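Student: The structure under discussion is supplied below as structure tokens; questions concerning it will follow.
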Amino acid sequence: MPVPVCQMLWPTELRSEQETEANARRIVACVNACAGFSTETLELLAAIGGMQNKMVATYTVAKQKDQLLAFANDILDSWPDGGSLDGGDIQEYAVKHGLLRPTVVHEPCNSDDPDQSCRCAEYCMPDEFSEGVMCYRRADALKGGAA
Ligand SMILES: [Zn+2]
């Protein structure tokens with residue numbers, strides 16, 4: 001792999017030698033990180049917030065894929081028999097893999113709200129909410145978003 005070399009030929013009295021070297025090192029790192037990208041692609045990346053945003057999105061999607069894959073494999077461990085898998089098992093696997101987040105509520109959830117998607121109002125008695133009821137919220141991986 002070619003290694004770009006960057007020389008800062010005119011350090012001024014406004015910059016220390018260490019700052020000049022740090023700038024040169026950063027420029028070389030940027031050029032190496034962008035190896036293989038066309039200038040047009042780099043301009044597009046810059047227009048959408050730069051590579052850091054893409055790296056975060058890529059990491060998030062990869063993490064969500066791993067969560068969903070692990071969940072699917074736990075569910076498929078019951079296959080082909082599968083007769084003993086129930087809603088409690090699915091909930092346990094979803095919590096285990098970070099797809100459902102337990103949360104305590106003191107009022108019934110709104111089952112029409114996709115962010116809540118909980119039916120505690122049907123399953124719990126009104127007085128249980130004063131002590132707190134364990135409910136579950138869908139994680140981002142189940143909402144179709146990358147973040
Ligand atoms: Zn609830």
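Student: Would you work out which of L42, M55, I90 lies farthest towards the positive end of the dipole of the chain, given +1 charges on the beta-carbon of Lys and Arg and -1 on that of Asp and Glu, about the Cα centre?
Tutor: L42
Student: Residues with amide H under 5 Å of A139's amide H, sequence separation 5 or more or different chain, H placed in the peptide plane at 1.01 Å from N; which?
Tutor: Amide H neighbours of A139: L100, R101.
Student: Convert each backbone phi in the range 53-59 into a coupling constant with the Karplus relation 6.51 cos²θ - 1.76 cosθ + 1.60 (shift: θ = phi - 60°), then list the ³J(HN,Hα) values in order as whole Hz, x for Gly and Pro.
Tutor: Calculated HN-Hα couplings, in order: 4, 5, 5, 5, 5, 5, 4 Hz.
Student: Still on this model: Quick check on the chain: what does the Kirkwood estimate of hydrodynamic radius come out to from the alpha carbon pairs, in Å?
Tutor: Its Kirkwood hydrodynamic radius stands at 20.4 Å.
Student: Using only Cα atoms, find the angle between the long axis of helix 87-96 and the longest principal axis of the chain, and express it within 0 to 90 degrees, rounded to the nearest 10.
Tutor: Helix 87-96 sits roughly 20 degrees off the main axis of the chain.
Student: Could you give the angle, 0 to 90 degrees to the nearest 10, between helix 17-33's Cα long axis and the longest principal axis of the Cα atoms of the chain?
Tutor: In the chain, helix 17-33 runs at an angle near 60 degrees to the longest axis.
Student: Would you compute the Debye intensity of the range 67-142 from its alpha-carbon atoms alone, equal scatterers and no solvent, and pass along log10 I(q)/I(0) at q = 0.12, 0.23, 0.25 Å⁻¹ to two decimals?
Tutor: Evaluating at q = 0.12, 0.23, 0.25 Å⁻¹ gives log10 I(q)/I(0) of -0.39, -1.03, -1.11.
Student: Here's another thing I want to ask about it. Amide H to amide H under 5 Å from C109: which residues, 5+ apart in sequence or cross-chain, H placed 1.01 Å off N in plane?
Tutor: Those lying under 5 Å, H to H, from C109 are C120, A121.
Student: Pick from N53, N110, N23: which is most flexible by mean-square fluctuation in a GNM of the chain where alpha carbon atoms under 10 Å apart are linked?
Tutor: It is N23.
Student: Using unit Cβ charges (K, R positive; D, E negative) and no other charged atoms, how large, in debye to the nearest 20, is the dipole of the chain about its Cα centre?
Tutor: Dipole size: approximately 760 debye.
Student: While we're looking at this one, here's another question. Any idea how far the Cα center of the range 33-71 sits from the one of the range 77-122, in Å?
Tutor: Taking the Cα centre of the range 77-122 as reference, the centre of the range 33-71 is 31 Å away.
Student: Right, next: For the chain, what is the calculated [θ] at 222 nm in deg cm²/dmol (nearest 500), taking -39500 (n - 2.57) for each run of four or more DSSP H residues and dividing by its residue count?
Tutor: Here the helix-only value at 222 nm equals -14500 deg cm²/dmol.
Here, each number is a calculation from the coordinates, and none is a lab measurement. Predicted, not measured: the structure shown is a model, and the values here were computed from it. Neighbour counts run over all protein chains shown; Cβ positions are idealised from the backbone, glycine included.
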